[in-house]
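Here the structure is laid out as structure tokens; the discussion comes afterwards.
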Amino acid sequence: MAIPTSNTSNPLTRADFPANFIFGVATSSFQIEGATFEDGRGPSIWDTFCAEPGRISDGSNGEVACDHYHRLESDLDMIQSLGVGAYRFSVAWPRIQPSGTGEVNEAGLAFYERLVDGLNARGIEPHLTLYHWDLPQKLQDIGGWTSREVAVHFAEYARIVTARLGHKVRSVATLNEPWCSSILSYQLGEHAPGTHSRPAALAAAHHLLLGHGLAMRAMRKLATGAQLGIVLNLTPAYAAAPEFEAQARLAEGRFDDWFLGPLLRGEYPQDIWEHYGADVPQMHSGDLGIMAQPLDFLGVNYYSRQLIGADFSGLPGAEATDMGWEVYPQGLSKLLSDLKRDYDLPPVMITENGAAFPDVLSADGRVHDARRVSYLGAHLRAVAEAAHSGVDVRAYFAWSLMDNFEWAKGYEKRFGLIYVDYATQQRTLKDSAHWYRALATS
Ligand code: FCB
């Protein structure tokens with residue numbers, strides 16, 4: 001299987017995308033903000049997790065990160081200099097409610113209001129995500145997402161943020177990648193809180209989706225005009241040979257349909273429910289109806305595929321990113337056409353796509369990240385083709401605006417269009433940033 005890279009003989013332009021298609025860049029609060037102890041922010045599960053020896057591969061934490069909290073204005077200018085039409089960011093729940101419930105911290109709301117106002121003033125659409133994994137530690141102390149109560153608290157937090165900012169932002173996503181904040185965090189132990197229990201992970205997933213549904217209801221009542229939705233990381237599974245078909249179905253069902261089913265059909269996929277046996281979550285009657293609130297958009301994060309029954313690195317032409325993830329843009333094409341075929345699909349935004357490579361600042365003062373340009377080009381081409389074949393895809397956000405704290409990999413993995421020198425906090429536009437600006441403004 002050859003892996004085509006971007007077709008450079010026929011460069012992409014805006015004209016390859018639907019009219020009004022939006023090009024943006026994305027970040028999340030814990031990965032860039034720093035200032036974890038300032039202006040009344042409470043501790044989050046990621047502060048706790050980073051403090052546990054061995055959790056983060058370079059032993060780092062989020063205390064400084066990209067120092068974005070202190071550099072808001074110049075970072076906004078930097079986003080504007082990219083010529084993009086939209087910026088996706090997340091709100092840190094512990095800045096808004098330091099204990100996760102009750103008391104609201106005005107300084108936290110004021111920070112995000114400055115961010116949103118600054119974007120609007122620069123003509124950049126704000127796209128807000130409510131939960132990109134930094135749960136207030138106080139809520140972990142009562143069980144985190146394994147506790148049903150946390151779903152109710154989440155809806156109240158969503159109401160607070162949307163009441164203040166909902167009329168000034170283009171979209172509000174409830175959750176970022178609930179697969180990660182449940183399975184990866186409670187079963188595989190790689191993310192906070194780092195436990196190893198499948199029933200706990202499935203309970204967490206259930207309560208995340210319940211929290212999503214309750215939040216959607218609360219936000220709809222406010223009718224602020226913002227588009228409301230959710231962001232999933234979707235990863236199509238391929239069988240390396242016919243004898244792996246059943247395993248591939250299972251892999252995709254657990255990863256994708258377990259979340260898509262409740263959201264878009266009001267039911268868990270039957271085959272996966274049976275596969276999980278006694279580990280399935282405890283449901284209350286009505287839960288599935290709450291989860292399946294109408295969505296104004298589905299956010300899709302795509303990085304790679306799952307290949308079942310073989311190691312992709314043995315395939316001819318195989319290419320891996322610095323995360324060890326296969327470069328496989330065809331997977332995005334398949335994902336989008338499968339979604340359209342299998343679900344009653346709301347409008348789609350590609351809310352994350354990008355790649356880590358071991359970038360270096362060269363003597364000429366630039367970062368020559370040709371592989372990222374090729375990765376982004378190939379995936380954007382897949383998006384353009386999907387739009388032509390009738391998938392209603394309206395936006396694309398490159399992950400990420402700038403290099404940042406890559407969770408359990410610390411600062412070792414660089415996903416940015418902009419290079420960050422962490423010692424000086426100097427930002428340098430990589431070649432990919434110049435390339436992306438040329439596309440977005442073409
Ligand atoms: C996604 C996360 C994002 C970033 C990228 C590389 O799973 O949503 O925060 O870490 O992966």
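For this structure, a couple of remarks:
- Considering only PHE154, PHE111, GLY390, the residue lying farthest towards the positive end of the dipole of the chain is GLY390, judged by Cα position with unit charges set on Cβ.
- Estimated from the Cβ-Cβ distance and a Förster radius of 45 angstrom, the FRET efficiency linking GLU52 and ALA15 is about 0.35.
- DSSP beta bridge pairing in region 14-440, given as percent antiparallel to the nearest 5: 15
- Heavy-atom surface analysis with a 1.4 Å probe gives region 383-442 a carbon and sulfur content of 48 percent of its accessible area.
- Placed amide H near LEU298: partners under 5 Å, 5+ positions off or other chain: VAL348, MET349
- Of all lysines in the structure, those lying under 30 Å Cα to Cα from LYS413, and not within fewer than 8 positions of it along the same chain, are LYS138, LYS334, LYS430.
- Once the 1.4 Å probe is applied to the protein heavy atoms, the chain comes out at 36 Å² accessible per residue.
- Derived scalar couplings ³J(HN,Hα) [region 14-29; Karplus, 6.51 cos²θ - 1.76 cosθ + 1.60; whole Hz; x for Gly, Pro]: 3, 5, 6, 10, x, 4, 6, 5, 10, 9, x, 10, 10, 8, 9, 3
- Total formal charge among the other residues, if their Cβ is under 14 angstrom from that of VAL420, Lys/Arg +1 and Asp/Glu -1: -4
- Counting only DSSP H runs of at least 4 residues, each contributing -39500 (n - 2.57), and dividing by the residue count of the chain, the helix-based mean residue ellipticity at 222 nm comes to -11000 deg cm²/dmol.
- Among complete DSSP H helices in the chain, those whose alpha-carbon atoms stretch at least 15 Å along the helix's long axis and whose mean Kyte-Doolittle hydropathy reaches -1.0 are 106-121, 148-165, 198-222, 329-342, 370-388.
- HN-Hα J in Hz across region 274-290 - Karplus 6.51, -1.76, 1.60, θ = phi - 60°, x for Gly and Pro: 5, 4, 6, x, 6, 7, 4, x, 6, 10, 9, 5, x, 4, 5, x, 5
- Sequence-distant residues sharing a close amide H with SER44 (under 5 Å, placed H): GLN137
- Extended-chain gain in nm, criterion 0.36 nm per residue less alpha-carbon gap, GLN80 and ALA107: 7.2 nm
- Averaged over residues, the count of other Cβ atoms within 10 Å places the peptides 336-346, 298-308 in the sequence 298-308, 336-346, highest first.
- Rg in Å to one decimal, and Dmax rounded to a whole Å, for the chain via C-alpha atoms: 20.5, 63
The values are calculated or read from the model by the stated rules, or taken from the named source; none is laboratory data. From a predicted model like this one, the values you see are computed outputs, not experimental measurements. Heads up, the Cβs are rebuilt from the backbone with ideal geometry, glycines too, and the neighbour counts pull from every protein chain shown. Each accessible area value is taken on the protein alone, full model and side chains, heavy atoms only, with ligands, DNA and RNA left out. Shrake-Rupley method; radii C 1.70, N 1.55, O 1.52, S 1.80 Å.
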